[in-house]
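Novice: Handing you a structure now.
No lab work stands behind these numbers, since they all come straight from the coordinates. Please read all numbers here as calculations on a predicted model, not as lab measurements. Cβ coordinates were reconstructed from backbone atoms using ideal geometry, including for glycine residues, and neighbour counts include every protein chain displayed.
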Amino acid sequence: MSGAKNTFIQSWLPPALYYFLLQSADKLKFLSSDKSLLKSNASLEGIAKGKRAFVLATGPSLKLENLKALVGEDCFSVSNFFLHEDLDIVHPKFHFFAPFHPPLILENFVAWLKQADEKLPVDTEIVLGYTDAEIVKNYGLFPKRKVHYLYLAYHVKVGGINLQKPILWPQSGPLMILPVLLAMGYEKIYLLGCDHTVLRDFKKPIPHFYAKDKDTRQNASDPGAWADIIQAHQYSMNTFVQYEKYKKAISIDYQGVEIINLSQDSWLDMFEASTLDMVIK
């Protein structure tokens, strides 16, 4: 549904009915899509039952951590984590990229993916959104790596995750990793660099563990390219709401699974907090 038409319909319909229509539209779109790219995801289901995993995002709190302690652990990274000095020690099993979207520039995005391919360990597998498959094909990206695709949709339930079906479009990079780890069967999921403190530094460059000039992508860390204060608040709210949805889904569909936030400077307070030192000990 287009923006103006979408708003008009929303103003006339009960919220539950409006959301049902959006879910139905997403389902119809999925049914008409090519699902062959998703078949390999079946091999991931339940392969890590009872194990623990570490999610590595790019928040500035990573500068407070000794990531060398993660040697031999099951680590999953996202976005520009490949710039970290301990990348080879951490040795991510999978590296995730959120789908291409404005205001990013396609040529920068492609150059960024090529840079990651050069830096990541040779056996690190790649996870992308379904919509990026054409970009990978057209530019010959990741020719020597195993690539997984996720069908991401805005109006889907987060429980009972099946990686061959639609999963929730992530508001932030780590939220793309969580459903994959749940489907793989990890019992404890630890978050590092998941700070989500963007509003604290509104109108300043979006903070990360690396310097802004290290990012190949134009507009990626420039708040002026993304949102005004109202949009920034909405973005942050949507991010926290998605985390809360996964927390609720775990209590129903994945009982016994724990998500623990190890990020030392984080606004993500719906999960139990601990420290990397305590976990490793």
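Novice: At a Förster radius of 30 Å, what calculated FRET efficiency corresponds to the Cβ-Cβ distance of Asn66 and Lys35, to the nearest 0.05?
Specialist: On the way: r = 42 Å, r/R0 = 1.42.
Efficiency at R0 = 30 Å is approximately 0.10.
Novice: Using amide H atoms built in the peptide plane, which far-off residues or other-chain residues are under 5 Å from Asp74 H to H?
Specialist: When sequence neighbours closer than 5 places are left aside, the close amide H contacts are Phe54.
Novice: As a test of understanding, state the convex hull volume per residue of the chain from its alpha carbons, in Å³.
Specialist: Working: hull volume 38.9 nm³, N = 281.
Enclosed volume per residue, from the Cα hull, is 138 Å³.
Novice: I would also like to ask the following. Relative contact order for the range 135-274: what is it in percent, counting Cα pairs under 8 Å that are at least 6 residues apart?
Specialist: Numbers: 149 pairs, mean separation 39.1, N = 140.
Answer for the range 135-274 is 28 percent.
Novice: If you don't mind, there's one more thing I want to ask. Sorted from fewest to most neighbouring beta carbons within 10 Å, what does the list His84, His233, His101, His148 look like?
Specialist: Numbers: His84 21, His233 14, His101 10, His148 18.
With the fewest neighbours first, His84, His233, His101, His148 line up as His101, His233, His148, His84.
Novice: Related question: Give me the count of lysine pairs in the range 133-281 whose alpha carbons sit under 19 angstrom apart, restricted to pairs 8 or more positions apart or on different chains.
Specialist: Here the count comes out as 13.
Novice: Based solely on C-alpha atoms, express the radius of gyration and the Dmax of the range 81-152 in angstrom.
Specialist: 11.9, 33
Novice: Length gain on complete extension for the stretch Ala211 to Glu118, per 0.36 nm per residue less the alpha carbon to alpha carbon distance?
Specialist: On the way: separation 93, 0.36 × 93 = 33.48 nm, distance 1.95 nm.
Net length gain for the segment: 31.5 nm.
Novice: What are the ³J(HN,Hα) couplings of the range 175-189, residue after residue, when phi is run through the Karplus curve with 6.51, -1.76, 1.60 and θ = phi - 60°? Round to Hz, x for glycine and proline.
Specialist: Working through the residues one at a time gives 6, 7, 7, 3, x, 5, 5, 5, 5, 6, x, 4, 8, 10, 10 Hz.
Novice: Further question: Kindly state, to the nearest 0.05, the FRET efficiency for Lys51 paired with Asp228, given R0 = 45 Å and r defined as their beta-carbon distance.
Specialist: Values: r = 43 Å, r/R0 = 0.95.
The calculated FRET efficiency here is 0.55.
Novice: Below 8 Å, C-alpha to C-alpha, sequence gap of six or more: please give me the relative contact order for the chain in percent. The partial results should precede the final answer.
Specialist: Numbers: 448 pairs, mean separation 64.8, N = 281.
So the answer I get is 23 percent.
Novice: How large is ³J(HN,Hα), in whole Hz, for each residue of the range 143-157 in order, when computed from phi with the Karplus curve 6.51 cos²θ - 1.76 cosθ + 1.60 and θ = phi - 60°, using x for Gly and Pro?
Specialist: Coupling constants for the range 143-157: x, 10, 10, 7, 10, 10, 10, 10, 8, 9, 9, 7, 10, 9, 6 Hz.
Novice: Further question on the same structure: For the range 261-281 and the range 57-86, what is the separation of their C-alpha centers, rounded to whole Å?
Specialist: One Cα centre to the other: 14 Å.
Novice: Multiplying the sequence separation of Thr275 and Asn108 by 0.36 nm and subtracting their Cα-Cα distance, what value in nm do you get?
Specialist: Working: separation 167, 0.36 × 167 = 60.12 nm, distance 3.54 nm.
Residue separation times 0.36 nm, minus the Cα-Cα distance, leaves 56.6 nm.
Novice: Follow-up. Name the residues whose placed amide hydrogens come within less than 5 Å of the amide hydrogen of Phe94, ignoring near sequence neighbours (fewer than 5 apart) on the same chain.
Specialist: Under 5 Å from the amide H of Phe94 lie the amide H atoms of Ser77, Glu125, each far enough along the sequence or on another chain.
Novice: When the helix-only estimate is applied to the chain (DSSP H runs of n ≥ 4, each -39,500 (n - 2.57), divided by the residue count), what is the mean residue ellipticity at 222 nm, nearest 500 deg cm²/dmol? Before the final figure, lay out the partial values.
Specialist: Values: 8 runs with 93 residues, N = 281.
Value at 222 nm, helices only: -10000 deg cm²/dmol.
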